[in-house]
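The values are calculated or read from the model by the stated rules, or taken from the named source; none is laboratory data. On a predicted model such as this, the values are computed, not experimentally measured, just so you know. When we count neighbours, we look across all protein chains shown, and the Cβ atoms used for this are built from the backbone with ideal geometry, even at glycine. Heads up: the accessible areas ignore ligands, DNA and RNA and are worked out on the full protein's heavy atoms, side chains in. Shrake-Rupley method; radii C 1.70, N 1.55, O 1.52, S 1.80 Å.
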Amino acid sequence: MKKKPRKFLHLLRKYQKEQTTPEQTRMMDIWYDSIDYDQKQSALDADPGIEHEIWDRIGQKRLDQPEAGRRRLLWRPAYLFRGAAAAVILLLATFLIYNNRSADKPVIAGIAAEAIAHLNTVTNDRDTSLTIALSDGSKCRLAAGSSLFYPSAFEDTSRVVYLKGEGYFEVEKDAGRPFLVYSDNIVTRVVGTSFTVKKLKGTSNIEVAVYSGKVIVEKTKKQVGEASGKSVLLTPNKKVTYLSHDDSLVPGLMDEPALLPDYSNVDLTETFTFREVAVSDILALFEKAYGVTFVVSSPEVKNCIVTADMSQDAGLTSKLEILCAAINADFEVRDNHIVISGPGCR
């Protein structure tokens, strides 16, 4: 005797309302009389196999039960079990609703569950970062509490990984196989570079910051692997933030731009000590050393002559503070460039 789950639930409801036939009532009495703790728990957990187990048990009991015993069971007061039947129905319905909602919620926003189901998964449960070596020689430094989904071996045409949380990537160059990092609703495409992808704390926003090389960040469509037309090209010291509330990409600068690789080994004292140098020449050097674009409010600011030692700190922010103090000016980050404004020098 085989019944489908919905039919069995329907029968339970009829049994609760005393609407079952004598034959149906006898079967339900037999089941309640025969179940033990394990089978009750199976019912509560909505095990797909419990249905066959229930009806097989009922059928076996009906065959084994003497006729007198069956008649006795027929007249057993069923109301003793109807409260339990109601509880089973309620708990089973709650479980099915919760299970369906959980199944619909993706592990990574914008990514279908089947896209990562077959991949290796590493979740960093430590308090410190965890370095993961990938099959192409690339590396991911996974932040605490973050997860990375990746294949044992990349395909011949592309290298695709999925990130939940924050990770710093060092990607091996391979012009024929772009490296793609999917993180919630954006995808970061690179060939060979170092960059960070992270979810900003307390929000659903994602930030991508580039340390070397170039990357393209774009929003993903509903279909896995496809990308929308809007994208942002990032070079060193640039970043972009995906704002989930309006589905937009906002470009910007890293909080502390660092020297580009070509300038990482220069003599700071010799390079950043200036003696009667025009502001325009100093800013031109900064653009080459940090990859940052400057906008100056007036020609008078560019013509100022500066003598200053800016070699004590390799970061750009301290240098701009010294420069602006020397010429009575201010600086402000706007999008992905820096604006210098002030009265200038005459």
Test: Val240 is more than 30 Å from Glu114 (Cβ to Cβ) and either modelled with pLDDT of 95 or more or assigned to a strand (DSSP E or B) (or both): no
Residue pairs meeting the criteria (Cβ under 6 Å; at least 6 apart or on separate chains; first small (Gly, Ala, Ser), in the range 318-338; second assigned to a strand (DSSP E or B) and open to solvent by 90 Å² or more (accessible area, probe 1.4 Å)): none
Every residue from the range 163-177 that is in a loop (DSSP other than H, G, I, E, B) and buried (at least 18 other Cβ atoms within 10 Å of the Cβ): Gly165, Val171
Options Ile206, Ile216, Ile186; residue that is open to solvent by 60 Å² or more (accessible area, probe 1.4 Å) and of a type outside the set (Phe, Trp, Tyr): Ile216
Selected residue [open to solvent by less than 40 Å² (accessible area, probe 1.4 Å) and over 28 Å from Pro151 (Cα atoms)] from Gly252, Gly192: Gly252
Top-ranked residue in the range 178-202 [being assigned to a loop (DSSP other than H, G, I, E, B) and β-branched (Val, Ile, Thr); ranked as nearest to Gly213 (Cα to Cα)]: Thr193
Glu300 touching a strand residue (DSSP E or B) at 6+ places or on another chain (Cβ under 8 Å) and of a type outside the set (S, T, N, Q): no
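Residues checked against (1) at positive phi; (2) at pLDDT 95 or above; (3) part of a strand (DSSP E or B); (4) in contact with a Lys or Arg (Cβ under 9 Å, 6 or more places away or on another chain):
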position: Tyr211; (1), (2), (3), (4): no, no, yes, no
position: Ile216; (1), (2), (3), (4): no, no, yes, yes
position: Ser228; (1), (2), (3), (4): no, no, yes, yes
position: Ser231; (1), (2), (3), (4): no, no, yes, yes
position: Pro236; (1), (2), (3), (4): no, no, no, yes
position: Leu249; (1), (2), (3), (4): no, no, yes, yes
position: Glu256; (1), (2), (3), (4): no, no, no, no
position: Val266; (1), (2), (3), (4): no, no, no, no
Residue count for the range 155-180, restricted to those that are aromatic (Phe, Trp, Tyr) and within 19 Å of Ala113 (Cα to Cα): 1
Breaking point among (1) under 17 Å from Lys238 (Cβ atoms); (2) open to solvent by 30 Å² or more (accessible area, probe 1.4 Å), for Ala289: (2)
Complete set of residues in the range 108-132 that are open to solvent by 60 Å² or more (accessible area, probe 1.4 Å) and in a loop (DSSP other than H, G, I, E, B): Ala117, His118, Asp125, Arg126, Asp127, Thr128
Any hit, the range 326-342, residues being assigned to a helix (DSSP H, G or I), out of contact with any helix residue (DSSP H, G or I) (no Cβ under 6 Å at 6 or more places or on another chain) and buried (at least 16 other Cβ atoms within 10 Å of the Cβ): yes
Per-region count, the range 305-325, residues part of a helix (DSSP H, G or I) and open to solvent by 20 Å² or more (accessible area, probe 1.4 Å): 5
Filtered residues of the range 245-256 (kept if in contact with a strand residue (DSSP E or B) (Cβ under 8 Å, 6 or more places away or on another chain) and of a type outside the set (D, E, K, R)): Ser248, Leu249, Val250, Pro251, Gly252, Leu253, Met254
